[in-house]
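As structure tokens, the structure follows; a few thoughts come after it.
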Amino acid sequence: MTTWLRELPKAELHLHIEGTLEPELMFALADRNGVTLPYDSVEAVRAAYDFEDLPSFLNLYYQGMGVLHTQADFFDLAMAYFARAREDGVAHVELSFDPQAHLVRGVPLEAPFEGLLAACREADSRYGISSALIMSFLRDRDPVEALEVFEQAAPWHSMIDAVGLDSAERDHPPGRFAKVFARARALGIPGVAHAGEEGSAAYIREAWETLEVCRIDHGVRCLEDADLVAMLRERQIPLTVCPLSNVKLKVTPTLTEHPLPALREAGLNVTLNSDDPAYFGGGMLDNYVACHDAFGWTRDDFIDMTRNAVQAAFMAEERREALL
Ligand code: ADE
Ligand code: ZN
């Protein structure tokens, strides 16, 4: 089954490129940029990846990305990810990135934008992997800053496929970011948002109503609200679910207890994704294999979820038809 799952052309819609930073590359970039890491070995970094919840992960995630400074760093980061994605049989990737987390460290927008866009072009020509770019805003920072950063990114607006919303969810309701999402929409840029990961089902409804997003990242807590489930089913709003991430961040105690089967039984539009593979113990293929082992899903189940992802992807219609 693993071989078959590897060969199934998969689309990854929920991936934080900063969350693909493996400890080996973290050390190489720290050396390159003269950054001192609070660890003395790759093993020590991996040993620190034992999270209590989303905030405890985010602390290490923001610390880890401190080694990323130049356009070349972002290019190398993304190319290392694309090489692994190719081994996993990933055909299409939507990379989210957090420009504010770099700006606050004095890294200008050019570095992530130009580095990531160059890597996306290279992944297409070297591996035949198509991609999309999602500019994400940090929900635990000021929404006014998000709008300013979005305006500063004007030179790249035509290269952005969507805007997103991530970081610490609890007590940071999505509605505060309605302005920047409306501004993006006015420019023809759609929105996606993390909701219902550690936050309640109410945040999923709020993201849908106030940000007018076309997909929900995670969304697993929707099951707490039957009316919301009915709405998500009727509209077939895609949920980008990240099984191994949810276990690592204790959204669910074990994978066997994950609500994925219930979400699918409720008729929801479910896709499988890796979120932050360097931190959560596996990429797309590991997530697929883990779901096979936990839920006994058949080939048809995986084909179904892969089709959901291709249909929900920001990609040219020609490419979509080729992958369906
Ligand atoms: N940023 C990176 N990974 C994230 C996650 N799983 N949830 C919220 N923000 C994130
Ligand atoms: Zn995420």
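The numbers here are math on the coordinates, done by the rules we state, and not lab data. Because the structure is a prediction, the values reported are computed rather than measured. Here the Cβ is made from the backbone with ideal geometry for all residues, glycine too, and neighbour counts use every protein chain on show.
With 0.36 nm allotted per residue and the present C-alpha distance subtracted, the E265-D31 stretch has 79.3 nm of extension available. A protection proxy built from the mean count of other Cβ atoms within 10 Å ranks the segments 214-220, 281-287, most packed first, as 214-220, 281-287. Computed about the Cα centre, the dipole magnitude for segment 173-324 is approximately 460 debye when only Lys and Arg (+1) and Asp and Glu (-1) carry charge, each at its Cβ.
Among 311-320, 114-123, the peptide with the highest mean count of other Cβ atoms within 10 Å heads the list, and the full ranking is 114-123, 311-320. For K10, a cut-off of 24 angstrom between C-alpha atoms picks up these lysines, skipping any fewer than 8 places away in its own chain: K248.
For the pair D304 and E43 in one chain, pulling the backbone fully straight at 0.36 nm per residue adds 90.2 nm over the alpha carbon distance. With the biggest extent put first, the Cα atoms of segment 68-214 measure 42, 33, 27 Å across the principal axes. Sorting 49-61, 243-255 by their mean Cβ neighbour count within 10 Å, with the most densely packed peptide first, gives 243-255, 49-61. Placing unit charges on each Cβ (+1 for Lys and Arg, -1 for Asp and Glu) gives segment 2-315 a dipole about its Cα centre, and among H157, A278, S96 the Cα reaching farthest toward its positive end belongs to H157. Put a dot 7 Å past the Cα of R6, heading toward its Cβ, do the same for Q311, and the two dots end up 3.0 nm apart.
Within the chain, the percentage of alpha carbon pairs spaced more than 27 angstrom apart rounds to 39%.
Only helical runs count toward this figure. For the chain, summing -39,500 (n - 2.57) over DSSP H runs of n ≥ 4 and dividing by all residues gives -14000 deg cm²/dmol at 222 nm. Shape of segment 220-324 from the C-alpha gyration tensor: oblate (a/c of 1.5 or more and a/b not above b/c, with a ≥ b ≥ c the square roots of its eigenvalues).
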